[in-house]
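Heads up, the thing below is written out as structure tokens.
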């Protein structure tokens, strides 16, 4: 007997050692273990180097210890017990679980299919025979036959629009004869899209079922997708609500710019730099990031894609942002699969086509978890609940209490299980409120029970898999740990560092006083810049500037005197400029009271130097953001030092060698 006990103890010890060796403890923070797998996962996610070096591991370990010290402190302070934390973590878990609750292979196929379809736009017309999703078999057959008749009439030579107006349940058919115009993938419900993309031009599809009913679809045309375009623009700000002179001024300005392009042949980029109110793009000659369909407001997008060749520019067009002249720079086909992958993936997850992935997932859950189903127990309910009781919501589970057999169950190999009985189903039916999507008399109770049963089965299967993710997926378990720690760290760091730096004004003032020598302005010029459209305007401005001080002219008065015939004649800017801030000011003579004149393209720039400011510390109000950021770094350094003194950190050097 003693030998048997000794052998058992030895076996248990060996198993324990092997288990520990698979995922040993890398470090302890205040007595709490951190496993090697956890560190490995985060290190590899953040390590950009191909080769893992001792220096890289040690550098990241130091950062990770700081991270874990803060998490340890948050746990000691009970942050992980707060309702706010629990709710936020629950939300993150829901998001993280989604990729694990679909069939990846099917999902990848759907993404590829959608991308391939996005290369073409389809123009189609349809006849809709409306049918509720829960319709009875007889109603379904009647609608299908009606759709077949519509198709037969069209194939027999009748005008499609005429048939659509006569039979279609789509109200718009009375105006458009069923014509839906051009559309691309992801714009229609999936079965409709599939029928449209798989039907040849000129052909009429067989009746296609969607949640709206049966469709008979005629494909009129297919064209290449619009692709991606790169443009430049000149913009003059204007509110569409403006009227009278206020609306006329920006319109006059954009028309004058357009005249300089068409009549005077001036360079688009030069005019954009000089006159565009979109400052970000003006510096680049009006150039905007490339975009595809749906990225810009409709008027802008249509005008851009309407340009037929590179270098061509549009007439002035108006959007909610103002007036634009658009120049086409380049055009390319639809983005690559890799570029669009994440966007398409997100759309697929929200689209009805994701049902294909759910069906494949349900099949896999059944296969992996010893699924058992007794379909006869479902069919019992065909007689146990009447159509009338279901519609009225008067069904009571207690009336069928003797029906308590197993309907289905999931039995995982590790012992986890879930069972669903007739009692569970009866309780669900009692608490289900019928939502009338069709006329009550059209409801088929057998179809309704089958649909409800299928939805519950799918839901419970996914719930069972979801509840076991931490057991079945190491990747998910480590991600959850990372998110949990991240939320704890964020909340505590906000209290100790970020918000504190903002609220602690006296501490911020003291930090600034102690360190203001690090924040210095170099020599700066206080200047006014007059950008004149041509030399004659510049001469006029120069005369006015000589009288400026004596007459007391301000910028508004000068603009009014000069811009009598054109809003483009003179533009004025002023401010304080360090070397490198403005190329025109850099070229000016930096002497108080001096005036410099520069010729630039066809314009003339006059720079008045009102004052030259010597090097001095920047005021706290001028660099509030920078000082606050540096003060936050200071607070964090002090805090981490306190945490190191509070919690013992132990690193297993041998385990550290296993990092890979």
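Could you list 125, 352, 330 so that the one with the fewest beta carbons within 10 Å of its beta carbon is first and the one with the most is last? Walk me through the numbers on the way to the answer.
Details: 125 23, 352 15, 330 11.
Result, fewest neighbours first: 330, 352, 125.
Given Cα pairs under 8 Å that are at least 6 residues apart, what percent is the relative contact order of segment 369-470?
Details: 97 pairs, mean separation 32.1, N = 102.
Once divided by the residue count of segment 369-470, the mean separation gives 31 percent.
Estimated from the Cβ-Cβ distance and a Förster radius of 35 angstrom, the FRET efficiency linking residue 312 and residue 573 is about 0.65. Quick note on the chain: its Rg to Rh ratio, both from C-alpha atoms and Rh being the Kirkwood radius, is 1.08.
Where in segment 174-215 does the amide nitrogen come within less than 14 Å of the point 7 Å from the Cα of residue 116, taken along Cα to Cβ? Label zone hits: 194-195, 197-199.
The separation of segment 241-299 from segment 471-485, counted between C-alpha centres, amounts to 51 Å.
Calculated from the alpha-carbon coordinates, segment 441-480 shows an Rg and a Dmax of 16.6, 53 Å respectively. Estimated from the Cβ-Cβ distance and a Förster radius of 35 angstrom, the FRET efficiency linking residue 513 and residue 656 is about 0.20.
Counting beta carbons within 10 Å around each of 113, 105 and listing the fewest first gives the order 105, 113.
The stretch between residue 598 and residue 200 holds 136.8 nm of extra length on full extension. This uses 0.36 nm per residue minus the Cα-Cα distance.
In the P(r) worked out for segment 304-426, what percent of Cα pairs fall beyond 21 Å?
Taking all Cα-Cα pairs of segment 304-426, the fraction more than 21 Å apart is 70 percent.
The value of relative contact order for segment 520-617, using C-alpha pairs under 8 Å at least six residues apart, is 48 percent.
Directionally averaged projected area (segment 369-470, Cα convex hull): 7.1 nm².
I'm a student and want to see the number: the projected area of the Cα convex hull of segment 120-224, averaged over all directions, in nm².
Over every viewing direction, the Cα hull of segment 120-224 projects on average to 6.1 nm².
Judged by the ratio a/c of the largest to the smallest principal axis of the C-alpha gyration tensor, segment 583-648 counts as prolate, that ratio being 1.5 or greater while a/b is larger than b/c.
From the alpha carbon centroid of segment 143-207 to that of segment 564-605 is 64 Å. Pairwise inverse Cα distances across segment 55-198, averaged and inverted, put the Kirkwood hydrodynamic radius at 21.0 Å. Provide the FRET efficiency to the nearest 0.05 for the residue 105-residue 175 pair, computing r from the beta carbons and using R0 = 45 Å. Rounded to the nearest 0.05, the efficiency is 0.55.
Sorting 535, 377 on the 10 Å Cβ count, fewest up front, what's the list? Please list the in-between numbers first.
Values: 535 13, 377 19.
By the 10 Å Cβ count, ascending: 535, 377.
Does anyone have the angle between helix 244-262 and the longest principal axis of the chain? Alpha-carbon axes, 0 to 90°, nearest 10? Taking Cα atoms only, the helix is inclined about 80 degrees. Full extension of the chain segment joining residue 262 with residue 90 gains 55.9 nm, where the gain is 0.36 nm per residue of separation less the Cα-Cα distance.
In the calculated pair-distance distribution of segment 228-332, the portion above 18 angstrom amounts to 44 percent of the Cα-Cα pairs.
The Rg/Rh ratio of segment 481-529, with Rg taken over Cα atoms and Rh as the Kirkwood radius over Cα pairs, comes to 1.30. Listed peptides 368-374, 626-632 appear in the order 626-632, 368-374 once ranked by packing, highest mean of other Cβ atoms within 10 Å at the front. Remark: the residue 183-residue 451 segment gains 93.3 nm on full extension, using 0.36 nm per residue and subtracting the alpha carbon distance.
Just need the relative contact order of the chain here, percent rounded to a whole number, with Cα pairs under 8 Å and 6+ apart.
RCO, the chain: 16 percent.
Sorted largest first, the principal axis extents computed over the alpha-carbon atoms of segment 464-622 equal 82, 44, 26 Å. The Cα atoms of segment 99-166 give a gyration tensor whose axes a ≥ b ≥ c have a/c of 1.5 or more with a/b no greater than b/c, which makes the shape oblate. Start at zero, step by 10 Å, and the Cα-Cα distances of segment 436-538 spread as 10, 13, 13, 13, 14, 13, 10, 11, 3 percent across the bins.
For segment 262-322, the alpha-carbon radius of gyration amounts to 1.15 times the rule-of-thumb value 2.2 N^0.38 Å expected for a compact globular protein. Relative to the longest principal axis of the Cα atoms of the chain, the long axis of helix 535-551 makes an angle of roughly 80 degrees. Between residue 52 and residue 330, the distance separating the two model label sites (each 7 Å from Cα on the Cα→Cβ line) works out to 4.0 nm.
We did not get these values from a lab; they are worked out from the coordinates using the rules stated. Predicted model, so just to flag it, every value in this text is computed and none were measured. Every residue, glycine as well, gets a Cβ built from its backbone with ideal geometry; the counts of neighbours run over all protein chains shown.
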